[in-house]
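Novice: One structure, pasted below without further comment.
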Amino acid sequence: MSTNSYKNYLKEEHFPHIWCPGCGDGIVLHAYAIALAELGLAPKEVVTVTGIGCWGKSDDYVATHALHGTHGRALAYATGVKLGNPVLTVIALMGDGDAVTIGGNHFIHAARRNIDLTAVVINNFNYGMTGGQYSATTPLKSKTTTSPLGNAEPGFDICSLAEAAGANFVARTTPFHVVSLKNLLKEGIQKKGFSLIEVITPCPTYFGRYNINSSPVANMHWLKDKAVSVSRYQHMTDEDKLQHFAIGTFVNKDRPDFYTMYQQINDCKWEGGR
Amino acid sequence: MKAKEKIRISIDENLCKRCGICSEFCSEKVFLELDNGMPQVTVPENCIVCHLCDWRCPDLAITLEVIS
Ligand code: SF4
Ligand code: SF4
Ligand code: SF4
């Protein structure tokens, strides 16, 4: 058994964290720390890059290197860090606002280039920190503070987007499915090339209150009931599919990452500056 | 699993935000939710050390220790 504790990756002196009761962000933070501990990566070999939002606060609680960027730009900063020093393990922690709404352009191009980064996208279907406005993942007809009668736009499917753009590893899970969450984080971090782990996460305060229930327990039950395995989802009727979402791994391939291709084509070797 | 090991389950009252997730989802009903929302460890001897309460606690308030 590994004696490397997840506590080595957290700044517990900054707890209690700012997140609301029952917010899934803390569960993902815990799973992230366990994943890093089990992988045995030294905190100084890891850079956690964030943007803005409730989940954007996560870098305050990690004991790895941290880079807190502007809204939607976490992947742009992460790309720079990785290419500047390719020996580092670079992980971008983003919400749906950061990743595919304000930062949507960075997201598709990071996946297309297949940069060796891991994107952990907490999708709670709205902008929690600024008061529960709709984002690009808010489902059609869902209620938010800026769509009180229901959202007139359909939401992005983040995993399909990453797959179409060319990511090497694409998976979805939830904080209820916490063992798979930890394992998918480990797989994504180990994968060379662009990895996306989408975590459908409860926001009891806003999305939950308007569309599910404000109780943390009800939001966890919602995840338990709505999430089905990829294989089960594929055999569902279209009507049933609308009521559920698939969890598991959608893509796991080994297309050469950007850095490998760049060195090959330019016949150069860049180990990075220190 | 490790049914005969002794387990100490502690809840940090300074971290717990009384969300109720631990009491609701523990398969062995180890916790009782008090009227004020705080979970209380009532039957630790039933714990199967699945760690799910610990990992699902949004506030990282639960610690499980195996006392051998
Ligand atoms: S507003 Fe929503 S996402 Fe933000 S901390 Fe509260 S529950 Fe979590
Ligand atoms: S899951 Fe954690 S925060 Fe929620 S009631 Fe239990 S100990 Fe408290
Ligand atoms: S480790 Fe599992 S069995 Fe033990 S108290 Fe926690 S949820 Fe219940």
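Novice: Give the long-range amide H neighbours of B:F31: residues separated by 5 or more places, or on another chain, with amide H under 5 Å away, using H modelled in the peptide plane at 1.01 Å from N.
Specialist: B:T42
Novice: Taking 0.36 nm per residue of sequence separation and subtracting the Cα-Cα distance, how much length would be gained by fully extending the chain between A:K269 and A:F15, in nm to one decimal?
Specialist: 87.2 nm
Novice: Longer than 29 Å from Cα to Cα, which of A:K82/A:K141; A:K226/A:K253; A:K11/B:K29; A:K7/B:K6; A:K44/A:K224 are they? Say none if no pair is.
Specialist: A:K82/A:K141; A:K11/B:K29; A:K44/A:K224
Novice: Taking all pairs of different Cα atoms in the stretch A:11-114, averaging 1/r and flipping that mean, what Kirkwood radius in angstroms comes out?
Specialist: With all distinct Cα pairs of the stretch A:11-114 included, I get 14.0 Å.
Novice: So what is the diffusion coefficient of chain A in µm² per second by Stokes-Einstein at 25 °C and 0.890 mPa s, using a Kirkwood Rh over Cα pairs?
Specialist: Answer, rounded: 131 µm²/s.
Novice: Further question: What FRET efficiency do you get for A:A42 and B:Q40 if R0 is 41 Å and r is their Cβ-Cβ distance, rounded to the nearest 0.05?
Specialist: 0.60
Novice: Would you kindly state how much longer the chain becomes between A:T130 and A:N8 on full extension, computed as 0.36 nm times their sequence separation minus their alpha carbon distance, in nm to one decimal?
Specialist: Answer, rounded to one decimal: 40.8 nm.
Novice: Provide B:S10, A:S135 in ascending order of the number of other Cβ atoms located within 10 Å of each residue's Cβ, fewest first.
Specialist: Lowest count first: B:S10, A:S135.
Novice: Which ³J(HN,Hα) values, rounded to whole Hz and listed in residue order, are derived for the stretch A:172-184 from phi using the Karplus coefficients 6.51, -1.76 and 1.60 in 6.51 cos²θ - 1.76 cosθ + 1.60 with θ = phi - 60°, glycine and proline given as x?
Specialist: Computed from phi, the couplings for the stretch A:172-184 are 9, 8, 9, x, 5, 8, 6, 6, 5, 4, 4, 5, 5 Hz.
Novice: Quick one: of the DSSP bridges fully inside the protein assembly as shown, what percent are antiparallel, nearest 5?
Specialist: Within the protein assembly as shown, antiparallel bridges account for around 40 percent of the total.
Novice: Enter the Cα centre distance for the pair the stretch B:34-65 and the stretch A:205-239, rounded to the nearest angstrom.
Specialist: 24
Novice: Amide H neighbours of A:T137 under 5 Å, at least 5 residues apart or on other chains, H built in the peptide plane: list them.
Specialist: Residues meeting the criterion, in which the H sits 1.01 Å from N, are A:F156.
Novice: Do the sum for chain B: with -39,500 (n - 2.57) for every DSSP H run of n ≥ 4, divided by all residues, what is the mean residue ellipticity at 222 nm, to the nearest 500 deg cm²/dmol?
Specialist: -3000 deg cm²/dmol
Novice: Something else: Quick check for you: which residues of the stretch A:182-209 have the amide N under 16 Å from the point 7 Å beyond the Cα of A:L83 toward its beta carbon?
Specialist: Counting backbone N atoms under 16 Å from the label point, the list is A:193-194.
Laboratory data are not the source of any read-out in this text; all were calculated from the coordinates shown. Given the structure is predicted, the values throughout are model-derived calculations rather than measurements. All Cβ positions, even for glycine, are placed from backbone atoms using ideal geometry, and neighbour counts span all protein chains on display.
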